[in-house]
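Below you'll find the structure, written out as structure tokens, and then a few comments.
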Amino acid sequence: MSKIEIRNLTKSYRGRCVLDNISLSVNANETIAILGQSGCGKTTLLKIIAGLESPDRGQIFIDGLDVTNTPGKVGYMPQDALLFPYKTVLENVILPLILSGRKKSEAKLSAKKYFTDFFISGTENKYPYELSGGMRQRVAFLRTYMQSKDILILDEPFSALDNITKTAMHKWYLDVINRFRKTTLLVTHNIEEALFFASEIYISSSTDHSIKKALSIRNNQNPDFLHSNEFFKLRKELAEGHSRLLCRALGTPLNYKNYS
């Protein structure tokens, strides 16, 4: 049974279709990535999975149960970290637990034990402005983790970071999902990022509002994968597929290779 299953999801805004009959699944402890240009409905899809928006048609299942329009079933991290500047790091992290009805003292004890694992030990009483970009991102990840210990859905989580910090954060988060056995749905514009994390990669289209499976990857846990011929071959294949979709969106008459 799939951990997450999306069935025939359709969504329009003011008569404009953004998602058309989307179906895909994510297995337990698997990471899949969705690539696509801006405006192709990726963020809308994540919000529907998180129960923050309603689909026009279709259903979301987690562990076989219909959770359509039900918030709180996944950990959702939007593109911006959205840490509250007037709250300490610990107060930011425990916010999902407080909103779910936990006592503040219990929430603090529950969250503190993860600070070392997320490499933010010693920041509990600091404020977000006192932290580096990478540290703030780790705080946001931990807050997302506290929402749900099974499923994380991430919307461009590394896009605001500089390249050096981003590389370090990639390695750190790969360790997190491997150690804590996370099921992850990642939205990104970055092909290398998708190849680094995902066992399945999908490409989203703003022309027919679909999401098509592009390829499966089985060797990216190998430390030499990023320097292998296979990596460069897959990156080229994904870039070409993504470019063809973009050309279609702009009206350029190029043939699109069907990856589905």
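The values are calculated or read from the model by the stated rules, or taken from the named source; none is laboratory data. On a predicted model such as this, the values are computed, not experimentally measured, just so you know. Cβ: placed from backbone, ideal geometry, glycine included. Neighbour counts: every protein chain shown. Note: accessible area is taken over every heavy atom of the protein model, side chains too, but ligands, DNA and RNA are not part of it. Shrake-Rupley method; radii C 1.70, N 1.55, O 1.52, S 1.80 Å.
Taking the stated definitions as given, is Ile164 touching a strand residue (DSSP E or B) at 6+ places or on another chain (Cβ under 7 Å), among the hydrophobic types (A, V, I, L, M, F, W, C) and over 16 Å from Gln79 (Cβ atoms)? Judged against the criteria, Ile164 is not a match. Restricting attention to the stretch 38-50, the residues that are touching a residue at least 40 places away in the same chain (Cβ under 8 Å), surrounded by 15 or more Cβ atoms within 10 Å (Cβ to Cβ) and not charged (D, E, K, R) total 7. Somewhere in the stretch 204-213, is a residue open to solvent by 40 Å² or more (accessible area, probe 1.4 Å) and either under 17 Å from the mean Cα position of the chain (by Cα) or at pLDDT 80 or above (or both)? Looking through the stretch 204-213, at least one residue is open to solvent by 40 Å² or more (accessible area, probe 1.4 Å) and either under 17 Å from the mean Cα position of the chain (by Cα) or at pLDDT 80 or above (or both).
A quick yes/no check of all residues on (1) surrounded by 15 or more Cβ atoms within 10 Å (Cβ to Cβ); (2) among the hydroxyl-bearing types (Ser, Thr, Tyr); (3) in contact with a Phe, Trp or Tyr (Cβ under 8 Å, 6 or more places away or on another chain):
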residue: Asn8; (1), (2), (3): no, no, no
residue: Gly15; (1), (2), (3): no, no, no
residue: Ser23; (1), (2), (3): no, yes, no
residue: Leu52; (1), (2), (3): no, no, yes
residue: Ala81; (1), (2), (3): yes, no, no
residue: Pro85; (1), (2), (3): no, no, yes
residue: Ile94; (1), (2), (3): yes, no, no
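Here Tyr259 does not qualify as of a type in the set (Phe, Trp, Tyr), in contact with a strand residue (DSSP E or B) (Cβ under 6 Å, 6 or more places away or on another chain), over 20 Å from Gly134 (Cβ atoms) and modelled with pLDDT of 85 or more. Against the list (1) surrounded by fewer than 19 Cβ atoms within 10 Å (Cβ to Cβ); (2) under 28 Å from Glu5 (Cα atoms), the condition Ala140 fails is (1). For Leu152, state whether it is assigned to a loop (DSSP other than H, G, I, E, B), among the aliphatic types (A, V, I, L, M) and surrounded by 14 or more Cβ atoms within 10 Å (Cβ to Cβ). Here the answer is no, as Leu152 does not meet what is asked. Check the stretch 192-203 and report whether any residue there is at positive phi and open to solvent by 20 Å² or more (accessible area, probe 1.4 Å). No: the stretch 192-203 contains no residue that is at positive phi and open to solvent by 20 Å² or more (accessible area, probe 1.4 Å). Would you confirm, using the coordinates I've provided, whether Phe197 is under 30 Å from Tyr86 (Cα atoms), within 17 Å of the chain's Cα centre (by Cα) and at pLDDT 85 or above? The answer is no for Phe197.
Is it fair to say Pro85 is under 30 Å from Tyr129 (Cβ atoms) and within 17 Å of the chain's Cα centre (by Cα)? It is false that Pro85 is under 30 Å from Tyr129 (Cβ atoms) and within 17 Å of the chain's Cα centre (by Cα). Checked against the criterion of being farther than 18 Å from Leu142 by Cβ, in contact (Cβ under 8 Å) with a residue 12 or more places away in the chain and crowded, with 18+ Cβ neighbours inside 10 Å, the stretch 175-184 has no qualifying residue. Residue pairs whose Cβ atoms lie under 6 Å apart, separated by 6 or more positions or on different chains, with the first residue in the stretch 60-78 and touching a residue at least 60 places away in the same chain (Cβ under 8 Å) and the second part of a loop (DSSP other than H, G, I, E, B), are Ile62/Lys73; Gly64/Met1; Lys73/Val67; Val74/Ala50; Val74/Ser148; Gly75/Ser148; Tyr76/Ala50; Met77/Pro157.
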